[in-house]
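What follows is one structure encoded as structure tokens, with my remarks underneath.
The values are calculated or read from the model by the stated rules, or taken from the named source; none is laboratory data. Worth saying up front: this structure is predicted, and the values here are computed from it rather than measured. Here Cβ is always computed from backbone atoms with ideal geometry, including for glycine, and neighbour counts include all displayed protein chains. When the accessible area is computed, the model is the full protein with side chains, heavy atoms only, and any ligands, DNA or RNA have been set aside. Shrake-Rupley method; radii C 1.70, N 1.55, O 1.52, S 1.80 Å.
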Amino acid sequence: MFLLPVSFSINADYFFLQFTIPIDNGDSVKNAEADSQRTLYPYVTGTSIVAIKYKDGVLMASDMGGSYGSTLRYKNIERMKAIGKHSLLGASGEISDFQEILRYLDELVLNDNMWDDGNSLGPKEVHNYLTRVMYNRRNKFNPLWNTLVLGGVKNGESYLGMVSMIGVSFEDNHVATGFGNHLARPILRDEWHADLSFEDGVKLLEKCMRVLLYRDRSAINKLQIAKITEEGVTVSQPYSLKTFWEFKAFNNPTAGAEGSW
Amino acid sequence: MFRNQYDTDVTTWSPTGRLFQVEYAMEAVKQGSAAIGLRSRSHVVLASVNKAQSELSSHQRKIFKVDDHIGVAIAGLTADGRVLSRYMRSESINHSFTYESPLPVGRLVVRLADKAQQVCTQRSWKRPYGVGLLVGGLDESGAHLYYNCPSGNYFEYQAFAIGSRSQAAKTYLERRFESFNESSREDLIKDAILAIRETLQGETLKSSLCTVSVLGVDEPFHFLDQESIQKVIDTFEKVPEEEEDGGEAEAEAAAAPTEQGGAGDQDVAPMEM
């Protein structure tokens, strides 16, 4: 960043000054080259994730789209993955950063398994580990550009939590990321209740996903629903929701204003 | 064990395949005053004998809280023991910070054995820690009691005793251990105090002579106060003469062939307790 003062022609003693304001921490640095090493903007992004606790565990829904800016470029991206025996991770935001996180967690789970001692990482532990990772990256001004949803069941207890790219983390009965925060959570606040059956849970999620499909331009009509219970994780096959476009106003949209679109 | 030409360095093997320095370190454990641990399915009790340098001084602390769910009792060089307790506390708190959940005891014990103890048996510029640790704790798979040796070995126990005159306590525990898994918390504490009594060899058992700590499911690690200990002692010390005599006779018979290390506490080097 340069601040260039006008050089005074009146007094030749003033020289051409340049100011660079360094951000003083070890990693995010003082020259332009190093800047390209840290994440400044996301490139390929996933849109919302919606998740709820239900009777037997946690249900999570996401679509399979990866947007490249405003282009819906990739249509087969799985944004929810099982972690260990007890957890399920869903991510919105930069897809490559999600893949990096999966690599970290892979190592974590591997080391946990190598102990081979009857103890295993539960969803709470994974959630807190991720919170630490995200917050530390944020402190170095090099964030992982994701909002993560972590759900799981261990010893009969369901767990659902969220971590944002700046390290904000919390647990709740229902969470959503991105547009889901604005469009899905109001529905969940009204209609979620404890001990939903599996069918009711899926219906509720589909209701949220349908609203997102209509209103979020980066959503596509190809979604997966994942379920995690004491027995383990299952991610459904991709399917699409039925939509309705036969509103009278859509049939002849220029009826009131010929020539417009 | 006598002095020989292979015992100067911890990194020198003897021709018979022994590391004498490590074995000498284990002798240091036997010099310290007794520490005892026992566990049931849901609780672990750690107890130790209070030894004071002189009548004027206070006694040394031999039991430390590592975390709400882990405690450690030491015997041998207490200074070494404090350093290792600090290491254990550090590991435990780092795990809690990253994962928001308690470090499983089994994993702590392995780290202690590998990173702290074994390393010191394989570097020429180090010496083994001269302290044995009884680590008691709770994790997902239940209550556990481990013994960490200066050699870097560790073993899991239902009950164990270390330090001087621990053989008497071990004999007592060997008779009773089969019932410990199902013991109630109160019985477990009573057994720990009785085992301590065995190591005192005739000295009257008073609550000021011992420190007892408990941890269990829904019960974070904490020390029992003098009153509670005295109450437990009163339940068996006030019993008629025959039982007390019988107990003492047994203790003497068992103590006779013990390690000569416990013989004169006045002979114990000042750094060892």
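If one takes the accessible area of chain B alone plus chain A alone and subtracts that of the pair, with a 1.4 Å probe, what total in Å², rounded to the nearest 100, results?
Numbers: alone 13690 and 15620 Å², together 28080 Å².
The contact between A and B buries close to 1200 Å².
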Subject >> For chain B, with +1 on Lys and Arg beta carbons and -1 on Asp and Glu, the positive-most of B:109, B:180, B:232 along the dipole >> reply: B:109
Original post:
Put simply, what bits of the stretch B:105-123 lose 10 Å² or more of accessible area when the other protein chains are there, versus the chain on its own (1.4 Å probe)?
Top reply: B:107, B:110, B:111
**OP:** Can you check what the net charge comes to around residue B:144, using other residues whose Cβ is under 14 Å from the Cβ of residue B:144 (Lys, Arg +1; Asp, Glu -1)?
**Re:** -2
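Which residues make up the longest stretch of chain B clear of GluC sites (Glu not before Pro) that lie in a DSSP loop with no more than 12 other Cβ atoms within 10 Å, not counting the sites? Walk me through the intermediate numbers first.
Details: sites that count: B:55, B:203.
With GluC sites (Glu not before Pro) excluded where exposed in loops, chain B gives B:56-202 as its longest stretch.
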**OP:** Could you calculate the contour length gain from residue A:241 to residue A:190, that is, 0.36 nm times the residue separation minus the distance between their Cα atoms, to one decimal place in nm?
**Re:** 16.2 nm
**OP:** Quick one: work out Rg over Rh on the C-alpha atoms of the stretch A:128-191, Rh as Kirkwood radius.
**Re:** 1.03
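Could you compute the FRET efficiency for residue B:226 and residue B:90, with r as their C-beta to C-beta distance and R0 at 30 Å, rounded to 0.05? The partial results should precede the final answer.
On the way: r = 31 Å, r/R0 = 1.02.
The value I calculate is 0.45.
Please work out the average accessible area per residue across the stretch B:117-225, using the 1.4 Å probe convention, and give it in Å². Don't jump to the answer; show the numbers that get you there.
On the way: 4490 Å² over 109 residues.
Accessible surface, normalised per residue, equals 41 Å².
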**OP:** Using only Cα positions of the protein assembly as shown, each an equal point scatterer, no hydration layer, compute I(q)/I(0) via Debye at q = 0.05, 0.12, 0.13 Å⁻¹ and quote the log10 values to two decimals.
**Re:** -0.35, -1.07, -1.16
Original post:
Short version: ³J(HN,Hα) in whole Hz for each residue of the stretch B:101-112, in order, from phi by Karplus 6.51 cos²θ - 1.76 cosθ + 1.60 (θ = phi - 60°), x for Gly and Pro, what are they?
Top reply: 8, x, 5, x, 4, x, 6, 4, 5, 5, 4, 4
**OP:** Between beta-carbons, use under 15 Å as the cut-off and find the net charge around residue A:73, counting Lys and Arg +1, Asp and Glu -1.
**Re:** +2
Original post:
Each residue of the stretch B:152-158 in turn: what ³J(HN,Hα) in whole Hz from Karplus with 6.51, -1.76, 1.60 and θ = phi - 60°, glycine and Pro shown as x?
Top reply: x, 7, 9, 9, 9, 9, 7
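Could you please report the charge total around residue B:4, scoring K, R as +1 and D, E as -1 over all other residues with beta-carbon less than 15 angstrom from its beta-carbon? Walk me through the numbers before you get to the answer.
Details: positive: B:3, B:18; negative: B:7, B:9, B:23, B:27.
So the surrounding residues net to -2.
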Original post:
Within the stretch A:202-240, whose backbone N sits under 11 Å from a point 7 Å along Cα→Cβ of residue A:250?
Top reply: A:214-215
**OP:** Be a star and scan the stretch B:147-171 for residues whose amide nitrogen sits under 16 Å from the point 7 Å along the Cα-to-Cβ vector of residue B:187.
**Re:** B:159
**OP:** List the residues of the stretch A:79-119 whose accessible area drops by at least 40 Å² when all protein chains are present, compared with their chain alone, using a 1.4 Å probe and counting only protein heavy atoms.
**Re:** A:115, A:119
Subject >> Exposed GluC sites (Glu not before Pro) absent - longest run of chain A, DSSP non-H/G/I/E/B, at most 15 other C-beta within 10 Å >> reply: A:79-229
**OP:** Whole number in Å², please: accessible area per residue of the stretch A:146-220, 1.4 Å probe, ligands, DNA and RNA not counted.
**Re:** 47
Original post:
Could you give me the ³J(HN,Hα) list for the stretch A:235-245, computed from phi with Karplus coefficients 6.51, -1.76, 1.60 and θ = phi - 60°, whole Hz, x at Gly and Pro?
Top reply: 10, 6, 6, x, 8, 10, 8, 7, 10, 10, 10
Original post:
Using 0.36 nm per residue, how much length does the chain from residue A:55 to residue A:172 gain when fully extended, once their Cα-Cα distance is taken away?
Top reply: 40.6 nm
**OP:** Once you've got the GNM for chain A with C-alpha springs shorter than 10 Å, pick whichever of A:63, A:117, A:172 has the biggest mean-square fluctuation.
**Re:** A:117
**OP:** Treat each spin label as a single point 7 Å out from the Cα along the C-beta direction, and report the residue B:79 to residue B:208 distance in nm.
**Re:** 2.9
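Rounded to the nearest percent, how much of the accessible area of the stretch B:20-237 (1.4 Å probe, protein heavy atoms only) is carbon and sulfur? Mind showing how you got there, number by number?
Numbers: 4430 of 8900 Å².
Taking all protein chains in place, the stretch B:20-237 shows 50 percent carbon and sulfur surface.
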Subject >> In nm, spacing of pseudo-spin labels at residue B:141 and residue B:55 (7 Å Cα→C-beta vector) >> reply: 5.1
Original post:
Roughly how many nanometres apart are two label points built 7 Å out from the Cα toward the Cβ at residue B:41 and residue A:198?
Top reply: 3.2
**OP:** Starting from the Cα of residue B:62, draw a straight line to each of the lysines and keep only those under 23 Å, dropping any in the same chain fewer than 8 residues away.
**Re:** B:30, B:51, B:115, B:170, B:190, B:206, B:231
**OP:** With springs connecting C-alpha atoms under 10 Å apart, model chain B as a Gaussian network and identify which of B:145, B:19, B:46 has the largest mean-square fluctuation.
**Re:** B:19
Original post:
Build a GNM of chain A with springs between Cα atoms under 10 Å: which of A:48, A:67, A:120 gets the top mean-square fluctuation?
Top reply: A:120
**OP:** Return the lysines within reach of residue A:75: Cα separation strictly under 22 angstrom, same-chain partners fewer than 8 residues apart disregarded; answer none if there are no such residues.
**Re:** A:207, A:222, A:227, A:242
